[in-house]
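A.B. asks: The structure's right below; bear with me while I get my questions together.
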Amino acid sequence: MTDRVIRPADRSANIKYAVRDIVVLAKQTEATGKEMLYLNIGDPNLYDFQTPSQMIEETYKAMKANKNGYAPSSGLEEARQAVKREAERKGIKNIHDVFITTGGSEAIDVCLAALVNRGENFLTPTPGYPLYTAIASKIEAEMNPYYLNEENGWQPDIEDIKRKINDKTKAIVLINPNNPTGSNCSRETLQEIIDIAIEKNIVIFSDEIYDRLLFDGEEHISIAALNPDAPVITFGGLSKNYFAPGWRIGWGVVSGRESQLRDYIEAINKFFRARLSANHPEQYAIAPMLDGKKEHLQEYLPRLQRRRDITFEMLNTIPGISCVKPTGAFYAFPRIETDKDDAEFVKELIRETGVVVVPGSGFGQKPGTKHFRVVFLPPDEILTKAYQNIGEFWKTYQ
């Protein structure tokens, strides 16, 4: 009998994830015996950062107490209340729902699926995290990217946002602090986005997963705190601020005018009820960490800032490479001045030097510009060696 090919769904055709895709080439290069320097994945636990012991103890206690069945579909009440308190400390008011999810990515996925119909669109930042383009493909939404302005510290380009909104735009995504650029939005920028969203009746998706990882005394402002009437979903989680990405615990906070959001909130919860629950025992760590002193950040933030400084200073000494100074998260998005493709640059860099970064095209960028993303989580000596290797490679690459 002849095997017949099983055709995948068309919606899978445009799903790409450059961060993971580049690992295939890296592993091939590693197999040749070359020393590898991985600056590609934003997982702090691969380096010298550890999940706070209190989180582990609280989860272990829950497991020992047999809290290993299903949780409520929206999450443990004590965890939801802790997330609400944290949101209120950030100045967010008019909160109508809180849900605990399998990582922040599930919250974003469900909230977009409950809002955007096939053929409609939502605005996504460019550069931005590839999750959003993958979700757009899955729900058969139209892509509608808006640019971040490199000349203005990677702030959202307000005029470009205004140009991109049309009658099928349902939401605007804000990643703040931003992955992959490490930028942190100013109050003025956030207020302009709020004004646009209210005028155009669109929902703001504010991805704030890195909101405590800031440098140089920077202040993080939650966009929902600027106007209690604006329809905003604020996303967070334990992955980055609390150094536990593998736990897959995230959340969403819905705020704004209740009469405007009532039907949408019910649609979101239909999805959550259908998937039963997020991881259960890990939810017992949420309240102690959000309400606690967060002592781990006192150790880790200076370490991250030092590595940010190494990254910014060393990359900017390489002629033909320039880097805007990151003010948050643990990423930088340097620009390369070359006629060659940035994906080819990264492939050659990996093969020749073992330094693994991700091409800027995997995150989106303005036409005519080329970048790559680095993760500055690795120890100082690894970063220093990696940037030295990039500098030597660049001399012969152009």
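A.B. asks: May I ask you to derive the FRET efficiency for Asn14 and Asp160 from their Cβ-Cβ distance with R0 = 35 Å, giving the value to the nearest 0.05? Intermediate results must be reported in sequence, preceding the final value.
C.D. replies: Values: r = 22 Å, r/R0 = 0.63.
Computed FRET efficiency for Asn14 and Asp160 comes out at 0.95.
A.B. asks: Next question, about the same structure. Checking the a/c ratio against 1.5 first, then a/b against b/c, what shape does the Cα gyration tensor give for segment 114-208? Present the calculation step by step, with values, prior to reporting the outcome.
C.D. replies: Details: a/c = 1.88, a/b = 1.32, b/c = 1.43.
It comes out oblate by the Cα gyration axes.
A.B. asks: Calculate one ³J(HN,Hα) per residue across segment 79-96 by plugging θ = phi - 60° into the Karplus curve 6.51 cos²θ - 1.76 cosθ + 1.60, and present them in order as whole Hz with x for glycine and proline.
C.D. replies: 6, 4, 5, 5, 5, 4, 4, 4, 4, 5, 5, 7, x, 7, 10, 6, 7, 10
A.B. asks: For every helix of n ≥ 4 consecutive DSSP H residues, a contribution of -39,500 (n - 2.57) applies; sum these over the chain, divide by its total residues, and give [θ] at 222 nm rounded to the nearest 500 deg cm²/dmol. Walk me through the numbers before you get to the answer.
C.D. replies: Numbers: 12 runs with 151 residues, N = 398.
Result for the chain, helices only: -12000 deg cm²/dmol.
A.B. asks: Does segment 54-291 come out rounded, prolate or oblate, given a ≥ b ≥ c as the square roots of the eigenvalues of its C-alpha gyration tensor, rounded meaning a/c under 1.5 and, failing that, prolate meaning a/b above b/c? All intermediate terms of the calculation are to be shown ahead of the outcome.
C.D. replies: Numbers: a/c = 1.77, a/b = 1.42, b/c = 1.24.
Because a/c hits 1.5 or more and a/b exceeds b/c, segment 54-291 counts as prolate.
A.B. asks: Using alpha carbons only, what's the Rg to Rh ratio of segment 251-398 with Rh from Kirkwood? Spell out each step's value before the answer.
C.D. replies: Working: Rg = 21.2 Å, Rh = 18.8 Å.
Reported Rg/Rh (Cα atoms, Kirkwood Rh): 1.13.
A.B. asks: Would you tally the net charge around Lys385, using a Cβ to Cβ cut-off of less than 11 Å, leaving Lys385 out, and scoring K and R as +1, D and E as -1?
C.D. replies: -4
A.B. asks: Sorting check: for 58-68, 275-285, which peptide has the highest mean count of neighbouring beta carbons within 10 Å, and how do the rest follow? Could the numbers behind the result be given before it?
C.D. replies: Working: 58-68: 14.0, 275-285: 20.5.
My ranking of the peptides, most packed first, is 275-285, 58-68.
A.B. asks: Right, here's the next one. Please give me, ordered by residue number, the trypsin sites (Lys or Arg not before Pro) of segment 144-209 that lie in loop per DSSP and have at most 14 other Cβ atoms within 10 Å.
C.D. replies: Numbers: sites: Lys162, Arg163, Lys164, Lys168, Lys170, Arg187, Lys200; in loops: Lys168.
Sites meeting the loop and neighbour criteria: Lys168.
A.B. asks: Amide H to amide H under 5 Å from Val358: which residues, 5+ apart in sequence or cross-chain, H placed 1.01 Å off N in plane?
C.D. replies: Result for Val358 returns Arg373.
A.B. asks: Provide the percentage of antiparallel DSSP beta bridges, counting only those with both residues in segment 173-301; round to the nearest 5.
C.D. replies: Numbers: 6 of 13 bridges.
Looking only at bridges with both residues in segment 173-301, the antiparallel portion is about 45 percent.
A.B. asks: So if I place +1 on the C-beta of Lys and Arg and -1 on the C-beta of Asp and Glu, and nothing else carries charge, what would the dipole magnitude of segment 54-291 be about its Cα centre? I want it in debye, nearest 20.
C.D. replies: Approximately 900 debye in magnitude.
A.B. asks: Kindly rank 360-373, 98-111 from highest to lowest mean number of other beta carbons found within 10 Å of each residue.
C.D. replies: On the way: 360-373: 20.1, 98-111: 23.6.
Peptide ranking by packing, descending: 98-111, 360-373.
A.B. asks: Continuing with this model, one more query. Only Cα pairs within less than 10 Å get springs; with that Gaussian network setup on the chain, which residue of Gly217, Gly69, Gly320 has the largest fluctuation?
C.D. replies: Gly217
A.B. asks: For the chain, just say rounded, prolate or oblate: build the C-alpha gyration tensor, square-root its eigenvalues into a ≥ b ≥ c, call rounded for a/c under 1.5, and beyond that prolate if a/b exceeds b/c, oblate if not. Numbers along the way, then the final one.
C.D. replies: Values: a/c = 1.43, a/b = 1.30, b/c = 1.10.
In terms of gyration-tensor shape, rounded.
We did not get these values from a lab; they are worked out from the coordinates using the rules stated. Predicted model, so just to flag it, every value in this text is computed and none were measured. Backbone-built Cβ (ideal geometry, glycine too); neighbour counts: all protein chains shown.
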